[in-house]
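Worksheet: the structure to be examined is printed underneath.
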Amino acid sequence: TKGFLTIALKAEEGFIQFTITDNGIGRKKSKELKTINQKEIKSTGMKNIETRLKIINEVNKMALKVEVSDLDIGNKNGTKVRIQIPIN
């Protein structure tokens, strides 16, 4: 079946918030389906993003925030990524 991806943009007091949501199988199920070889290789994607955000925040004296959460509620699966960018 076809999935969906939604991107929402919202201005809050002091920051802009992007929310990206999908209805994929989710991180938990993805982890379960990995092969033995895939489990032996440690992914560094999220760690790289965290490191880059830390550098950007320190250099630009900002407070960028990224939050990733699972949508494992009932039969609804997927992932939500929330990005907050401060407004100067």
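Report every pair of residues separated by at least 6 positions or lying on different chains whose Cβ atoms are under 9 Å apart, first residue within the range 18-29 and more than 25 Å from residue 64 (Cβ to Cβ), second charged (D, E, K, R) and assigned to a strand (DSSP E or B).
From the range 18-29, the pairs are 23/76; 28/70.
Out of all the residues in the range 10-32, which are touching a Pro at 6+ places or on another chain (Cβ under 6 Å) and among the basic types (Lys, Arg)? Walk me through how you get there before you give the answer.
Just the residues of the range 10-32 that are touching a Pro at 6+ places or on another chain (Cβ under 6 Å), to begin with: 15.
Matches in the range 10-32: none.
Kindly evaluate residue 6 against the criterion of being open to solvent by 60 Å² or more (accessible area, probe 1.4 Å) and modelled with pLDDT under 90. It would help to see each step written out before you state the result.
Values: open to solvent by 60 Å² or more (accessible area, probe 1.4 Å): yes; modelled with pLDDT under 90: no.
Considered against the rule, which asks whether it is open to solvent by 60 Å² or more (accessible area, probe 1.4 Å) and modelled with pLDDT under 90, residue 6 comes out as no.
Just the residues that are more than 28 Å from residue 24 (Cα to Cα), open to solvent by 100 Å² or more (accessible area, probe 1.4 Å) and either modelled with pLDDT of 90 or more or of a type in the set (A, V, I, L, M) (or both), please, taken from the range 46-88.
Within the range 46-88, 58, 59 qualify.
Name the residue that is nearest to the chain's Cα centre (by Cα), counting only residues in the range 58-77 that are farther than 21 Å from residue 10 by Cα and not acidic (Asp, Glu). Steps first, please.
Filtering the range 58-77 down to residues farther than 21 Å from residue 10 by Cα leaves 58-61, 72-77.
After this cut, where a residue has to be not acidic (Asp, Glu) as well, the list is 59-61, 73-77.
Details: 59: 22, 60: 22, 61: 22, 73: 17, 74: 21, 75: 20, 76: 17, 77: 14 Å.
Only one residue tops the list, namely 77.
The values are calculated or read from the model by the stated rules, or taken from the named source; none is laboratory data. All values derive from a computational prediction rather than experimental measurement. With ideal geometry, Cβ positions are generated from the backbone for all residues, glycine too; neighbour counts draw on all protein chains shown. Just the protein is used for accessible areas: all its heavy atoms, side chains included, with ligands, DNA and RNA removed. Shrake-Rupley method; radii C 1.70, N 1.55, O 1.52, S 1.80 Å.
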